[in-house]
Structure formats: C-alpha cells, structure tokens
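The values are calculated or read from the model by the stated rules, or taken from the named source; none is laboratory data. Predicted model, so just to flag it, every value in this text is computed and none were measured. Note that each Cβ is placed from the backbone with ideal geometry, even for glycine, and that neighbours are counted across all protein chains shown. In case anyone asks, the SASA skips ligands and DNA or RNA and just uses the protein heavy atoms, side chains included. Shrake-Rupley method; radii C 1.70, N 1.55, O 1.52, S 1.80 Å.
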Amino acid sequence: MKHDVKDTALSGKGVDRIEWAEQSMPVLRLVRERFAREQPLRGLRIAACLHVTTETANLAVTLRDGGAQVRVCASNPLSTQDDVAAALSTHYGISTFAIKGEDNKTYYSHILAALEGGPQVTMDDGADLVTTVLTEKKDLIPGVIGGTEETTTGVIRLRSMAQDGVLKFPVISVNDADTKHMFDNRYGTGQSTLDGIIRATNLLLAGMRVVVCGYGWCGRGVALRAKGLGADIIVTEINPVRALEAVMDGYRVMPMLEAARVGQLFITVTGNKGIIRKEHFEAMPPGAVVANSGHFNVEIDIPALGALSVGQRRVRDFVDEYTLRDGRKIFLLGEGRLINLTSAEGHPASVMDMSFANQALSVEYLVKNRASLQAQVYPVPPHIDQEVARLKLRSMNAFIDTLTDEQQKYLTSWAEGT
Ligand SMILES: NC(=O)c1ccc[n+]([C@@H]2O[C@H](COP(=O)([O-])OP(=O)(O)OC[C@H]3O[C@@H](n4cnc5c(N)ncnc54)[C@H](O)[C@@H]3O)[C@@H](O)[C@H]2O)c1
C-alpha cells in the first residue's frame with residue numbers, strides 16, 4: 001500500500017495550504033536548502049508518526065529533500081488534515097497513511113503501514129511508533145538507528161522504557177530543546193488551544209471563569225492567552241512550585257473539586273489521566289464546557305461523564321452535549337482529544353518552524369553519531385538548540401550582542417569580582 005488518505009482530489013487545496021505554512025517556516029527552509037545540497041539523509045528510511053498538518057508536510061519534504069524515503073502516519077485519529085494527507089501522497093511523493101476520524105483499528109493499521117519496509121529512523125509524537133516496534137514488530141529493531149520524540153507525554157513513556165531496559169535504540173527528545181517546549185508548548189498550545197475552543201463553540205472568553213488544569217509549559221500558555229482575552233483564570237496543580245508560580249502570575253489556585261464548583265470552561269493540559277472525574281462533573285454548574293489539550297484523551301474521564309448522563313447528542317461539530325439526571329448539561333469538546341488539532345489547525349507554522357528544524361537536525365545528528373549513541377533518551381545537542389534560536393531571531397530581524405573578551409573572562413574566572 002502506497003497511501004491511504006480520504007480523497008486524493010483534495011491535493012490541490014493541500015498544496016496551497018502547505019505552501020502558505022512554508023512562508024512562516026524560514027528556519028526549516030534553511031535546513032531544507034542545505035539538506036538538498038548535502039544529502040545527509042541519502043537513502044535513509046524514515047517512518048514519521050506525527051499530526052498530519054501543513055507544518056508536518058514541510059518537515060516531511062525537508063527530510064525527503066535531504067535524500068530520505070519518508071512514510072507518514074497520524075499520531076492522533078482526529079488531527080489529520082485530509083487535504084494535506086492527499087497532497088503529501090500525490091504531489092510530494094511521500095507515502096501517507098492518515099484519515100481524519102479514522103477508527104482505532106485503522107489508526108493502528110496505518111502505524112503498521114508506516115513501518116513497512118523497515119524504518120532506520122522513527123519520528124514520533126507520543127511514542128506510538130517506538131512502542132509498536134518494541135512490542136509487535138521486534139524484527140525491525142536491528143535495523144533501527146534511532147528515533148526522535150516530539151512531545152512531553154512521549155518523552156515520559158520513553159524515559160520509563162529506558163529505565164526498565166526495554167528501549168532498544170537511542171531516541172532524541174526534541175521536546176527537551178529550549179527552542180521547542182518554551183515556544184511550541186507555551187505559545188503554540190496557548191494560542192491554538194483557545195483557537196480550537198473558539199472555533200468549536202464561538203464562546204466569549206471575556207468575563208468567563210476558565211479553569212486551567214496543569215501549570216506546565218502548555219498550561220502557562222493557555223492561562224496567559226485566556227487572561228489576555230479577559231477570562232478570570234483558576235489554576236489546578238499537584239506540584240507546589242508550579243502552583244506558587246501560578247499564584248505569583250496572578251491566578252487563583254485551588255483543588256479541582258473547588259474549581260469544578262465555580263468554573264465555566266475547563267481546559268486540561270497535564271499529560272496525566274483522570275483529571276476531571278465523576279465527582280467533578282457532579283459539582284459543575286449547568287452549561288460547563290470541558291476540553292483537553294494534553295496528548296491523550298484520558299485527562300477527562302469521558303466514560304464517567306457518559307455514566308452520569310441520561311442523554312447525549314452532538315449539538316455542533318466538535319461539541320457533544322451530555323444531559324445529567326438532574327437536567328444539567330455539560331458540553332465536551334472534540335471527544336476529549338487535543339482540541340487545538342481536532343477543531344482548529346494545531347500550532348501556527350511560525351512556532352512549528354523551530355520544533356521541526358530541531359526534528360530535522362536531530363535526525364541528521366542521529367545518523368552522524370550512530371556509532372556512539374546507546375539505547376537511551378538523549379536531549380537535543382545544545383549547539384542545535386542554539387543554532388535554531390539564532391536562525392529564528394535572524395528571520396525575525398532581531399539581533400543580539402556578543403560577549404566582549406573582558407566579559408568572557410569575567411564570567412569564566414573565579415578570581416574576578418572581588
Ligand atoms: N495540544 C498540543 O498541541 C500540545 C503541545 C505540546 C504538548 N502537549 C501535551 O500537553 C501535555 C502537557 O505538556 P507540558 O509540556 O505542559 O508538560 P509539563 O510537564 O510542563 O506540565 C504538566 C503539568 O501538569 C501538572 N499535573 C500533573 N498531574 C496533575 C493533576 N492531577 N492535576 C493538576 N495538575 C497536574 C504537572 O505538575 C505539571 O506542572 C502533555 O501531554 C504534552 O504531550 C500538547
């Protein structure tokens with residue numbers, strides 16, 4: 001099978017949108033131009049399990065131009081942009097297996113299709129490819145040089161695999177690059193999560209009590225942008241340092257049960273499970289809206305909401321109304337999956353520019369350093385992180401100073417400053 005997409009006739013629209021995104025990805029463009037000249041990935045087989053968006057398409061083209069054979073599948077059943085999948089398959093010659101709304105069986109068959117031919121490099125957003133190789137497709141392990149991982153949740157999974165001795169090849173944690181999580185998770189998730197909620201509901205956030213569950217990189221961004229739209233922010237946390245930061249950033253912090261009683265819009269971004277549960281739904285005011293922007297659809301206990309309900313219906317695209325026994329209605333967005341990718345387009349290209357430049361350069365690094373890397377999770381090498389920041393700054397016409405010799409000496413000598 002060369003591809004499995006919804007409709008190849010959508011290709012033209014996909015190409016237009018991919019080119020539009022490309023305009024906002026100057027750092028990745030520089031990487032692509034160098035890759036095209038130097039061919040550092042010549043003949044390399046790459047399987048990429050990522051959200052199939054316009055930005056991912058530009059990454060796949062970069063890898064292809066570097067000489068790789070790339071196969072792409074979705075990292076979430078609801079995040080695929082069908083026009084992009086069509087364009088990748090038919091216009092860019094990149095085998096793609098992804099259909100928006102695919103059922104679980106198709107989702108996993110697409111992962112297996114991406115692994116066909118035996119990848120030498122895996123590229124994950126949530127560790128599904130690596131997990132499949134290590135459990136169901138062990139025969140592929142000897143051929144794998146290594147992998148890259150895009151998101152917090154995937155890195156958590158991979159670190160526990162490495163700790164338990166289950167991981168069999170090196171993986172680079174792209175998420176740990178400063179030029180990834182400080183920008184993609186914070187500003188990307190911040191803006192696109194609200195974009196997704198607003199597109200799905202057309203709610204006015206001004207004056208609304210918004211509960212942000214989890215004050216990590218994503219939570220900070222979501223809270224910041226919701227505050228900017230005039231919302232009254234409440235944060236829930238389990239980490240005292242993060243909670244303290246939220247208090248000093250000017251938000252109210254309270255336990256989930258208390259927040260459930262007063263919140264109107266709830267957004268989970270913890271990377272954990274069971275954040276909004278039965279007792280919380282029971283406490284919510286009528287008309288409460290719940291959405292998730294963490295990686296998996298386990299942050300909101302949807303079965304518990306179903307069990308409390310006497311009726312359920314879809315009232316708008318991506319909005320499911322649950323009627324509770326006492327007549328209260330609670331609205332679940334995007335089936336509890338990443339709302340920024342289900343009802344909107346995911347992160348803006350300008351921020352994915354940095355994440356995906358890190359991805360492409362990490363693949364090159366893996367290939368060049370394959371002999372010295374062990375079956376561990378590695379950070380993105382600092383020189384790559386710094387270079388991505390430098391190039392991004394330059395593309396934004398922002399320039400910085402360099403240390404004078406005197407300053408350099410002052411910063412590195414213990415004898416200075418007395
Ligand atoms: N929507 C997107 O496009 C997108 C982008 C990047 C990351 N993510 C995903 O978002 C999730 C969060 O990522 P992050 O980078 O912000 O992680 P993070 O580790 O920086 O933050 C998570 C926060 O949640 C808190 N938390 C954990 N359990 C909690 C609980 N029971 N109640 C309240 N808070 C709790 C943690 O203490 C932490 O502060 C991950 O699943 C990640 O993969 C999504």
Handout entry: Which listed residue is touching a helix residue (DSSP H, G or I) at 6+ places or on another chain (Cβ under 9 Å), part of a helix (DSSP H, G or I) and open to solvent by 40 Å² or more (accessible area, probe 1.4 Å), from Gln359, Gln386, Gln407
Key = Gln386
Completion exercise
Just one listed residue, out of Ile111, Ile141, Ile156, Ile145, is open to solvent by 50 Å² or more (accessible area, probe 1.4 Å) and either modelled with pLDDT under 95 or of a type in the set (A, V, I, L, M, F, W, C) (or both), and it is Ile156
Practice task
Report whether or not Asn292 is among the polar types (S, T, N, Q) and either within 16 Å of Gly334 (Cβ to Cβ) or under 20 Å from the mean Cα position of the chain (by Cα) (or both).
Solution key: yes
Practice task
Go through the residues of the range 359-378 one by one and say whether even a single one is modelled with pLDDT of 95 or more, within 16 Å of the ligand (Cβ to nearest atom) and under 30 Å from Gln120 (Cβ atoms).
Solution key: yes
Handout entry: Where Ile330 falls short, out of the listed (1) open to solvent by 10 Å² or more (accessible area, probe 1.4 Å); (2) over 21 Å from the mean Cα position of the chain (by Cα)
Key = (1)
Handout entry: Complete set of residues in the range 77-98 that are touching a strand residue (DSSP E or B) at 6+ places or on another chain (Cβ under 7 Å) and open to solvent by 10 Å² or more (accessible area, probe 1.4 Å)
Key = Ser89, Ser95
Practice task
Output yes when any residue across the range 267-284 is surrounded by fewer than 22 Cβ atoms within 10 Å (Cβ to Cβ) and closer than 15 Å to Gly196 by Cβ, and no when none is.
Solution key: no
Handout entry: Residue list for the range 390-404, restricted to those being under 24 Å from Asp353 (Cα atoms) and surrounded by 11 or more Cβ atoms within 10 Å (Cβ to Cβ)
Key = Arg390, Leu391, Lys392, Leu393, Arg394, Ser395
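Within the bounds of the range 308-315, is there any residue that is at pLDDT 95 or above and open to solvent by less than 20 Å² (accessible area, probe 1.4 Å)?
yes
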Problem - Conditions (1) assigned to a loop (DSSP other than H, G, I, E, B); (2) open to solvent by 20 Å² or more (accessible area, probe 1.4 Å); (3) at pLDDT 95 or above: number failed by Met1 - result: (3)
Completion exercise
Conditions (1) surrounded by fewer than 24 Cβ atoms within 10 Å (Cβ to Cβ); (2) within 16 Å of the ligand (Cβ to nearest atom); (3) closer than 26 Å to Tyr378 by Cβ -> Ala74 fails only (1)
Handout entry: Any pair with Cβ under 8 angstrom, 6 or more apart, that starts in the range 189-202 at a residue that is closer than 24 Å to Gly216 by Cα and ends at one that is charged (D, E, K, R) and within 14 Å of the ligand (Cβ to nearest atom)
Key = Gly190/Arg220; Gly190/Arg225; Gln191/Arg225; Ser192/Glu345; Thr193/Arg225; Leu194/Arg225; Asp195/Glu345
Fill in the blank from the handout: Here the qualifying pairs (Cβ atoms under 6 Å; residues six or more apart or on different chains; first in the range 360-373 and farther than 18 Å from Val31 by Cα; second modelled with pLDDT of 95 or more) come out as Arg370/Ile145; Leu373/Pro170
